[in-house]
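The next block holds one structure in the form of structure tokens; read it before the comments.
The values are calculated or read from the model by the stated rules, or taken from the named source; none is laboratory data. Keep in mind the model is a prediction, meaning the values are calculated, not measured. Methodologically, a virtual Cβ is constructed for each residue, glycine included, from the backbone with ideal geometry; neighbour enumeration extends over all protein chains shown.
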Number of protein chains: 4
Amino acid sequence: MSSSFGKIFSVTTWGESHGPAVGAVLDGCPAGLPISEEMIQAELNRRRPGQGKVTTARNEKDTVKILSGVFEGKTTGTPISFVVMNEDQHSNDYADIAKWYRPGHADLCYDLKYGFRDYRGGGRSSARETIGRVAAGAVAKAFLKVVAGTEFLSWVASVGEIDCPKPDVSKLTLEQIEASPVRCPDEDASKMMEATILEAKSNGDSVGGTVSLYIKNVPVALGEPVFDRLDALLAQAMLSIPACKGFEIGSGFAAARMRGSIHNDKIYAKDNTYHTCTNNAGGSLGGISNGEPIYCRMAFKPTATISKPQDTAGRGYENGELAAKGRHDPCVAVRAPVIVESMAALVLADLYLQQERNHCLGTENAKAKIEALIQNQKTREAIDKLP
Amino acid sequence: MSSSFGKIFSVTTWGESHGPAVGAVLDGCPAGLPISEEMIQAELNRRRPGQGKVTTARNEKDTVKILSGVFEGKTTGTPISFVVMNEDQHSNDYADIAKWYRPGHADLCYDLKYGFRDYRGGGRSSARETIGRVAAGAVAKAFLKVVAGTEFLSWVASVGEIDCPKPDVSKLTLEQIEASPVRCPDEDASKMMEATILEAKSNGDSVGGTVSLYIKNVPVALGEPVFDRLDALLAQAMLSIPACKGFEIGSGFAAARMRGSIHNDKIYAKDNTYHTCTNNAGGSLGGISNGEPIYCRMAFKPTATISKPQDTAGRGYENGELAAKGRHDPCVAVRAPVIVESMAALVLADLYLQQERNHCLGTENAKAKIEALIQNQKTREAIDKLP
Amino acid sequence: MSSSFGKIFSVTTWGESHGPAVGAVLDGCPAGLPISEEMIQAELNRRRPGQGKVTTARNEKDTVKILSGVFEGKTTGTPISFVVMNEDQHSNDYADIAKWYRPGHADLCYDLKYGFRDYRGGGRSSARETIGRVAAGAVAKAFLKVVAGTEFLSWVASVGEIDCPKPDVSKLTLEQIEASPVRCPDEDASKMMEATILEAKSNGDSVGGTVSLYIKNVPVALGEPVFDRLDALLAQAMLSIPACKGFEIGSGFAAARMRGSIHNDKIYAKDNTYHTCTNNAGGSLGGISNGEPIYCRMAFKPTATISKPQDTAGRGYENGELAAKGRHDPCVAVRAPVIVESMAALVLADLYLQQERNHCLGTENAKAKIEALIQNQKTREAIDKLP
Amino acid sequence: MSSSFGKIFSVTTWGESHGPAVGAVLDGCPAGLPISEEMIQAELNRRRPGQGKVTTARNEKDTVKILSGVFEGKTTGTPISFVVMNEDQHSNDYADIAKWYRPGHADLCYDLKYGFRDYRGGGRSSARETIGRVAAGAVAKAFLKVVAGTEFLSWVASVGEIDCPKPDVSKLTLEQIEASPVRCPDEDASKMMEATILEAKSNGDSVGGTVSLYIKNVPVALGEPVFDRLDALLAQAMLSIPACKGFEIGSGFAAARMRGSIHNDKIYAKDNTYHTCTNNAGGSLGGISNGEPIYCRMAFKPTATISKPQDTAGRGYENGELAAKGRHDPCVAVRAPVIVESMAALVLADLYLQQERNHCLGTENAKAKIEALIQNQKTREAIDKLP
């Protein structure tokens, strides 16, 4: 259970990698938001496999259909149902996996938990499950764009030992990131990362990486003390992505080495708004957004399924060796940015509606309110204050 | 809102630092569990202030009362209400804080969110809120101890630039940890940490730190795909603790630099149970516990409130300077371990009941089941397989 | 929002009457339960329209597809996704309804709430939304049948002024009920009800009715004090069905006229089980099932959409008259029994899992437990103790 | 578990009749609402026992303390904790009840569920649990009064066979109702009801009754399709009150006997607002409030605990007889109105915040919005349109 996320803007995903389809139901989206299959598709295209040498060869178009909740191009306030049919399945690749547990994979745990599993591919633990998150996340982004001008940027910050130099986020664009086959905005680092991934792939191996997320025009006052703090929900959202094993926000682990006088972001008031001189907090204090950009970083472990032989055990407690077949991403971090953005957008949209509910975007009253919100939104010519 | 945590084993905390009392209500605890005020008090004593030179001088006994849910020494299955009266309040310390926003603190965000706040101390963002978590966490620990023999160890792994060498967890005890004034089990590191904290304190400053958590005898199969993965809920739980800004499980951020062939933990079967040779996963695969120890690490930023003067702004958009009075911990990490253990126990107890509900511990049937569970629990003479 | 129901065994429905499809996602169903599209279809066939003169002429096969969560004929523990394509839509019937608010219908309220609605048919308030409930309810019934032998019977107890005499529930069968075109097990009453409905229909009118529900082999101890009492959740479940305006359990409103000495059901013990001599409680005391049959009764108002002209107002505050076109049930109570059973099954399955979680039906351990549960289940030769 | 109610405006109650105290935590109340212990106390005084011959002789002041969430007379947006100490306990009255299960009472079910119970009084099933609901409900009422001018009236509509004639609700006042010892606004009926109760009491018996609820100035558009319909949540709320066994809204069960052309409430527009000529819907269509008064009716069974001897069984499966001692209400309906109002207010406040969140009542912006809402609220000179 718990395939649902969000208290008000709430998504439920469903589907396995080798079943007929995957999808999601998004409940709680306000009425009147312009939505189309094209905008959802554009986001799904960023996560779909078969995009180049550094991703899995599994080639699927991942064409999305909206089955409910949208009428005359706008959301109606009722649940939005998305479906994507599964297409390029090679179930025969999975004979070995049915017998042997992949080290580092969820196989064993699913059997321990459910006594039984769909052994074709990862079943429910497959990255295809994230399709539903990206579809719903696309709506969340559209919503946040309308009500607050919020924008999301996510990129690969490291692959193995190769680090991307910290980008100038005031100039960074989605196009720059997506132009790199490994989604790293630095050209030199991008090339080295690509080489690292291909080398791992050619050895039947995989490699880990980190992903950075930067969100600007974040509405102030989002986050619910004490358990649904903004930081806490972002952490849950990120760690819920397959292969994510670490999360830090603002200065993160580096903050643990600092003195308070250095770490505390000085506050100043200007034009009846509050700003900070630095952003070690990463946009969240006391679990509540302060209007500064959210900045966080996630660690992704290397893909568990590799073709190199590994010692492991089987369903009947026998010990042996597995060299996994199948088509797998050698580095999951490369496809993670759009998933990271989607999960963050789902968190923010839900917290926004908890903070300020606005059911009907179509009325004059609501429009005025939205315009006021957007103007209130601090204009940030200089958003280069990243930690 | 969202002062509640857990779907079945669910705690709700309440209270401000300068109100009459703080407390918690724990709903969903199975009936028949032996509970006493003494065992709760023992845990609260580990977190209470006034324990030495490295913590705040605020001196409170934090005496807990149980007001409901326990009859003849055992839980009845109904809500357990805990209350701790506030005692040693110096509200007059807070005149400045009412006017100026503390940099790095929640003050500004509470005003942005609620338009108004209890400016005496941190109000709801005070660390005193965690009293309710520790009280409920003590029950969670007692429950897990009975049903699975689960044990928790948490210690300070670094303060500023001082690192504690990785301990031999097979020999590490709670007594060793608690014997150190900074809760660091390594004697040399403990002394250097203490010196670091006192030096920061004498400068009117504060310092950050990291805290490690190690859990053994973890029941298998805990964690609910996909959004309530074990890793994800632990991350949320930890980031919900005031001042926590980072979380990693198993190899964590180091995993992002590894190859899959190195990172994947080899599986072997022995005596009809599965084990892994290493524990890079930190006890969780696919978001589900595999029975290996849970191992994770949290980053705590330096205390925001310091007496060193800092630039900041006030409620009326005026710019100025604040040198905060009041009695504050110079390093919050030092008091974090029991809170970290409590939050982890709340996560595991809730996931345990989601996986296997067992309402009445007192019946013969349930006893037999618990004995079977404990025996199933892998005996681990050698738990020194930590990453 | 709130298209989800149930804390653990949790269904989310989606879809509008005139969108491409309707469906549901069922999360939290234990693994190992045998499920097929055929068994879901059999239940859907009981609710589908076009079954005779007393139901709407809209003729749809309502063919269900399972898109996830079932592998090799058994549930996997992951979300089960159901979809039913909409087929026989006559959107042109709805030109008037787009302009005029139907008296007694949700039209006006949807506009007040969302500022905008899918005016073709009832949109989300259409009875087609209940398809998802019946699909998920079929799984709930299958689950309860396996774990406790639970059985559901629901019938039409009155239509307009025609009452069905209280049936002998010890002999009553589903076949008897379904043999009647109005789902009334008494032949004479059935004929009079049919005549009443056809008379209303021929006058362009509609008529109300009541529906009874009887559940035997109810597991003991279901229901969570204090807000999720068994009675309270059944009431919510029933009132959530379109057109339902009243609920009573056991003696219900008649109890309010009784003395305690008459109303209290005497308890006796026999063969180490407890029984009651009467069942004025309707199977629930203190909000917890006592093992006696659940017996409750629901009031359904007459269908709002009628072709008789009615005074009403339009979207632009104009006053006028509407004679609604379209094909509508003259008496919704007639199609309600399978929906009533489904909602009750969803309540019981969720409460069962809250009381006693059992994830994997396939293991030996679980099988033994289930057999014990079934044997514990009081055998009731005489279940004719209905109030 | 499930001692919590409400998604956003969420109350958690705790406490047993014979433990040290009872109380509640209210989370999610917007900041800035004026609240005092006096206003809570005034509501509690309406439900407290010892008010006359027709209620239990248990005499408790039920003095409430607010322990958190209120600062300088206003809510802070953080959890509000209420506590009421238990005082007048006669635990020795309960020796028999520890041994024998009271027919019609929750005793047996608590033992079946938890294997064990606090046998002094009703424990958690005691009516004292409702103290927490009334305290939180008082805040909900205050909130709704401020944002929408909402007013609640509840009275005893029948006791045994004595019915109160339908009052003219346009003139009915709380004072009129509370002036009657049985809370029946009709003088003659009040006297007959009192006689009925005293006669039952003198026979060691008890008697049932019904309670009516009328709410005016209900905000429009409250209720979340499909499972959290306004009707459905009201039904759950009412059936969660101890001894409630039936609920109907608007015409309720009478609607089941009507034709649609009679039942449908005609709509008319006037001054850019919509009204209905009758109110058979009871203020809710499609599960959403239409702005008309909410009108519903609840059935309360007779008190289970009576001193008349009754056949029953004991904990060890022995059969015998119980003549219960202790001081019990002979007719629980008499003390129900304030509880009924409180539960309804909790439902409406939660749905209001789901529909329209407004965290900070203190800001100019929010004030303007509230004033607009109040003016939008239909003025209803003639609210005598009750069914």
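If the Cβ limit is 8 Å and pairs must be 6+ apart or interchain, which residue in the range C:162-176 that is free of Cβ contacts under 8 Å to residues at least 12 places away in the same chain pairs with which residue that is assigned to a loop (DSSP other than H, G, I, E, B)?
That search, which allows pairs on different chains as well, returns C:Gln176/C:Pro185.
What are the residues in the range C:179-196 that are within 18 Å of C:Arg47 (Cβ to Cβ) and exposed (fewer than 15 other Cβ atoms within 10 Å of the Cβ), if any?
Residue satisfying the conditions is C:Ala179 alone.
Restricting to the range A:275-311, and then to whatever is of a type in the set (Ser, Thr, Tyr) and modelled with pLDDT of 95 or more, can you tell me which residue is nearest to the chain's Cα centre (by Cα)?
The first filter runs over the range A:275-311 and keeps only residues of a type in the set (Ser, Thr, Tyr), leaving A:276, A:278, A:284, A:289, A:295, A:303, A:305, A:307.
Now narrow it down to the ones that are modelled with pLDDT of 95 or more: A:276, A:278, A:284, A:289, A:295, A:303.
Numbers: A:Thr276: 27, A:Thr278: 26, A:Ser284: 19, A:Ser289: 19, A:Tyr295: 14, A:Thr303: 17 Å.
Per the criteria, the residue is A:Tyr295.
Scan the range D:244-272 for residues that are without any contact (Cβ under 8 Å) to a residue 24 or more places away in the chain and either facing chain C (nearest Cβ under 8 Å) or on the phi < 0 side of the Ramachandran plot (or both) and report the count. Steps first, answer last, please.
Applying the first criterion (without any contact (Cβ under 8 Å) to a residue 24 or more places away in the chain) to the range D:244-272 yields D:253, D:256-264, D:266-272.
Remaining after also requiring either facing chain C (nearest Cβ under 8 Å) or on the phi < 0 side of the Ramachandran plot (or both): D:253, D:256-264, D:266-270, D:272.
Qualifying residue count, the range D:244-272: 16.
Would you mind finding the one in D:Ala345, D:Ala372, D:Ala324 that is modelled with pLDDT under 90, small (Gly, Ala, Ser) and under 27 Å from D:Lys74 (Cα atoms)?
On the way: D:Ala345 fails: modelled with pLDDT under 90; D:Ala324 fails: under 27 Å from D:Lys74 (Cα atoms).
Residue meeting the stated conditions: D:Ala372.
Evaluate the range D:273-281: report whether one residue or more is more than 21 Å from D:Ser170 (Cα to Cα), surrounded by fewer than 24 Cβ atoms within 10 Å (Cβ to Cβ) and at the interface with another protein chain (Cβ under 7 Å from one of its Cβ atoms). I'd like the intermediate steps shown before the answer.
At the first step, the residues of the range D:273-281 found to be more than 21 Å from D:Ser170 (Cα to Cα) are none.
For the range D:273-281, residues more than 21 Å from D:Ser170 (Cα to Cα), surrounded by fewer than 24 Cβ atoms within 10 Å (Cβ to Cβ) and at the interface with another protein chain (Cβ under 7 Å from one of its Cβ atoms): absent.
When only residues in the range A:215-263 that are part of a strand (DSSP E or B) and under 17 Å from the mean Cα position of the chain (by Cα) count, which is surrounded by the fewest Cβ atoms within 10 Å (Cβ to Cβ)?
Restricting attention to the range A:215-263, the residues satisfying the condition of being part of a strand (DSSP E or B) are A:215-216, A:224, A:228, A:244-249, A:259.
Those left that are additionally under 17 Å from the mean Cα position of the chain (by Cα): A:215-216, A:244-249.
Working: A:Ile215: 23, A:Lys216: 20, A:Cys244: 31, A:Lys245: 29, A:Gly246: 30, A:Phe247: 31, A:Glu248: 28, A:Ile249: 29.
Here the answer is A:Lys216.
Residue-wise test of (1) at pLDDT below 90; (2) assigned to a strand (DSSP E or B); (3) buried (at least 24 other Cβ atoms within 10 Å of the Cβ).
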| site | (1), (2), (3) |
| --- | --- |
| B:Lys53 | yes, no, no |
| B:Arg58 | yes, no, no |
| B:Lys65 | no, yes, no |
| B:Asp93 | yes, no, no |
| B:Pro103 | no, no, yes |
| B:Cys109 | no, no, yes |
| B:Gly121 | yes, no, yes |
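Select from the range C:288-309 the residues that are within 7 Å of another protein chain (Cβ to nearest Cβ) and under 30 Å from C:Ala345 (Cβ atoms) and list them in ascending order. Can you show your working first?
Here is the first cut: in the range C:288-309, the residues within 7 Å of another protein chain (Cβ to nearest Cβ) are C:288, C:290, C:299-304, C:306, C:308.
Selection gives C:Ile288, C:Asn290, C:Ala299, C:Phe300, C:Lys301, C:Pro302, C:Thr303, C:Ala304.
Output the number of residues of the range C:299-326 satisfying the condition of being crowded, with 24+ Cβ neighbours inside 10 Å and either among the small types (Gly, Ala, Ser) or within 26 Å of D:Lys113 (Cβ to Cβ) (or both).
2
Provide a single number: the residues in the range A:231-253 that are among the hydrophobic types (A, V, I, L, M, F, W, C) and in contact with a Cys (Cβ under 8 Å, 6 or more places away or on another chain).
So the count comes out to 4.
Kindly indicate the residue of the range D:113-141 that is of a type in the set (Gly, Ala, Ser) and in contact with a Leu (Cβ under 6 Å, 6 or more places away or on another chain) and also nearest to D:Glu194 (Cα to Cα) among those meeting that condition. Steps first, please.
Let us first name the residues in the range D:113-141 that are of a type in the set (Gly, Ala, Ser), namely D:115, D:121-123, D:125-127, D:132, D:135-138, D:140.
With in contact with a Leu (Cβ under 6 Å, 6 or more places away or on another chain) added as a condition, the list becomes D:136-137, D:140.
On the way: D:Ala136: 30, D:Gly137: 28, D:Ala140: 31 Å.
Looking at the filtered set, the residue picked out is D:Gly137.
Out of the range C:20-39, which residues are out of contact with any helix residue (DSSP H, G or I) (no Cβ under 9 Å at 6 or more places or on another chain) and over 13 Å from C:Ile66 (Cβ atoms)? Give the derivation first.
Our first condition is that a residue be out of contact with any helix residue (DSSP H, G or I) (no Cβ under 9 Å at 6 or more places or on another chain); within the range C:20-39, this holds for C:20-21, C:27, C:36-38.
If the condition is that a residue be out of contact with any helix residue (DSSP H, G or I) (no Cβ under 9 Å at 6 or more places or on another chain) and over 13 Å from C:Ile66 (Cβ atoms), then C:Pro20, C:Ala21, C:Asp27 are the ones that fit.
Scan the range A:310-329 and give yes if some residue there is part of a loop (DSSP other than H, G, I, E, B), more than 14 Å from chain C (Cβ to nearest Cβ) and touching an Asp or Glu at 6+ places or on another chain (Cβ under 6 Å), otherwise no.
yes
Pick out the one residue from B:Val182, B:Val156, B:Val134 that is modelled with pLDDT of 95 or more, in a loop (DSSP other than H, G, I, E, B), within 14 Å of chain A (Cβ to nearest Cβ) and closer than 22 Å to B:Tyr214 by Cα. Explain how you work it out, then say what you get.
Working: B:Val156 fails: in a loop (DSSP other than H, G, I, E, B); B:Val134 fails: in a loop (DSSP other than H, G, I, E, B).
Matching residue, one of B:Val182, B:Val156, B:Val134: B:Val182.
Starting from the range A:317-328, take each residue that is within 10 Å of A:Lys99 (Cα to Cα) and list its partners that are modelled with pLDDT of 85 or more and not in a loop (DSSP other than H, G, I, E, B), counting only C-beta distances under 6 angstrom and pairs at least six apart or across chains.
A:Leu322/A:Trp100; A:Leu322/A:Gln310; A:Leu322/A:Thr312
Being touching a residue at least 40 places away in the same chain (Cβ under 8 Å) and out of contact with any Phe, Trp or Tyr (no Cβ under 7 Å at 6 or more places or on another chain) is the requirement here; does D:Asn280 meet it?
Numbers: touching a residue at least 40 places away in the same chain (Cβ under 8 Å): yes; out of contact with any Phe, Trp or Tyr (no Cβ under 7 Å at 6 or more places or on another chain): yes.
Yes.
Between A:Ala157, A:Ala142, which is touching a strand residue (DSSP E or B) at 6+ places or on another chain (Cβ under 9 Å), surrounded by fewer than 22 Cβ atoms within 10 Å (Cβ to Cβ) and aliphatic (A, V, I, L, M)? I'd like the intermediate steps shown before the answer.
Working: A:Ala157 fails: surrounded by fewer than 22 Cβ atoms within 10 Å (Cβ to Cβ).
Going through A:Ala157, A:Ala142 in turn, the sole match is A:Ala142.
Please state which one of A:Val83, A:Val146 is more than 10 Å from chain B (Cβ to nearest Cβ), of a type outside the set (S, T, N, Q) and in a helix (DSSP H, G or I). Walk me through it before giving the result.
Values: A:Val83 fails: in a helix (DSSP H, G or I).
Criteria check complete, one pass: A:Val146.
Restricting attention to the range D:241-296, which residues are touching an Asp or Glu at 6+ places or on another chain (Cβ under 8 Å) and hydroxyl-bearing (Ser, Thr, Tyr)?
D:Ser261, D:Tyr268, D:Thr276, D:Thr278, D:Ser284
Among the residues of the range B:10-31, count how many are under 14 Å from D:Asp27 (Cα atoms) and at pLDDT below 95.
1
Are any residues in the range D:205-229 more than 9 Å from chain C (Cβ to nearest Cβ) and in contact with a Leu (Cβ under 6 Å, 6 or more places away or on another chain), and if so, which ones?
Within the range D:205-229, just D:Tyr214 meets the criteria.
Condition (residue is free of Cβ contacts under 8 Å to residues at least 12 places away in the same chain, closer than 24 Å to C:Glu292 by Cα and under 21 Å from the mean Cα position of the chain (by Cα)) applied to the range C:142-154: is it met by at least one residue?
Initially, the range C:142-154 is screened for residues free of Cβ contacts under 8 Å to residues at least 12 places away in the same chain, giving C:145.
Those still in the list that are closer than 24 Å to C:Glu292 by Cα too: C:145.
Add one more test, that the residue is under 21 Å from the mean Cα position of the chain (by Cα), and what stays is C:145.
Yes, the range C:142-154 contains at least one residue that is free of Cβ contacts under 8 Å to residues at least 12 places away in the same chain, closer than 24 Å to C:Glu292 by Cα and under 21 Å from the mean Cα position of the chain (by Cα).
Failed condition for C:Ile197, given (1) at negative phi; (2) within 12 Å of chain D (Cβ to nearest Cβ); (3) not in a helix (DSSP H, G or I), with all others met?
Failing condition for C:Ile197: (3).
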